[in-house]
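Sharing a structure below in structure tokens format, with a few things to ask.
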Amino acid sequence: MKYIQLTKEQLEELHQEFATFLATQQIDVKEWNDIKANKPEVADEEINIFSDLVWEDVLTKAEYVEHFSKSSINLFYCTEGVIQRIMIKSNDDSVDLSSQEGIQTLLNNPKSKQFEFFKGAKKYAKERNLEIFDLILKGASINKEGALYQNFKSFVE
């Protein structure tokens, strides 16, 4: 398995897609129920294959990834060959950048001495999607719009 198995909740959300996936494997509902009951290892393998397909699709479409902590924000822009990063560090212990209030403080006064901006870029050390997945495993999340990245890009150019 390349990524991790989808949770039961995620599979339930993707019920229709999973049914379509099973149909492409020529597995109908009756046969799937039989596999689950009598061959749990085969059922698990089908779920693993489906999970990898879902993760691959999601990660391929991902452009912006964000990671928030109390003292910093890491904003990533994931292009085809390079991952670009903007890191915003808070120099003020009273500002919690993992909260809406802390982010609002940053947005209201980004040029304050409370904050430092850094930028970097690197080629992927391994496959692009695996690097994005590693960020997710470390607590980052995908952001479709990349509004924060776009907003702060001018501060590091």
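Does Y149 qualify as being assigned to a helix (DSSP H, G or I) and either surrounded by 13 or more Cβ atoms within 10 Å (Cβ to Cβ) or more than 20 Å from the chain's Cα centre (by Cα) (or both)?
Answer is yes for this residue.
Would you say K2 is in contact (Cβ under 8 Å) with a residue 60 or more places away in the chain and basic (K, R)?
Numbers: in contact (Cβ under 8 Å) with a residue 60 or more places away in the chain: yes; basic (K, R): yes.
Answer is yes for this residue.
Right, here's the next one. State whether one or more residues within region 88-98 are closer than 30 Å to K8 by Cβ, surrounded by 11 or more Cβ atoms within 10 Å (Cβ to Cβ) and among the hydroxyl-bearing types (S, T, Y). Working first, answer last.
Narrowing region 88-98 to residues closer than 30 Å to K8 by Cβ: 98.
Remaining after also requiring surrounded by 11 or more Cβ atoms within 10 Å (Cβ to Cβ): 98.
When the remaining residues are screened for being among the hydroxyl-bearing types (S, T, Y), the result is 98.
Yes, because at least one residue in region 88-98 is closer than 30 Å to K8 by Cβ, surrounded by 11 or more Cβ atoms within 10 Å (Cβ to Cβ) and among the hydroxyl-bearing types (S, T, Y).
When you look at K122, is it farther than 14 Å from I73 by Cα and part of a strand (DSSP E or B), yes or no?
yes
Sticking with this one: What residue, of S112, S72, is of a type outside the set (K, R), surrounded by 12 or more Cβ atoms within 10 Å (Cβ to Cβ), under 19 Å from K153 (Cα atoms) and at pLDDT below 95? Give the derivation first.
Working: S72 fails: at pLDDT below 95.
After applying the criteria, what remains is S112.
If you check N129 against the conditions, is it in a helix (DSSP H, G or I), of a type in the set (S, T, N, Q) and in contact with a helix residue (DSSP H, G or I) (Cβ under 6 Å, 6 or more places away or on another chain)?
Taking the combined requirement at face value, the residue satisfies it.
Output the residues belonging to region 26-57 that are polar (S, T, N, Q) and either within 30 Å of I142 (Cα to Cα) or touching a residue at least 60 places away in the same chain (Cβ under 8 Å) (or both).
Within region 26-57, N48, S51 qualify.
The values are calculated or read from the model by the stated rules, or taken from the named source; none is laboratory data. Not measured: the values here are computed from a predicted model. Cβ coordinates were reconstructed from backbone atoms using ideal geometry, including for glycine residues, and neighbour counts include every protein chain displayed.
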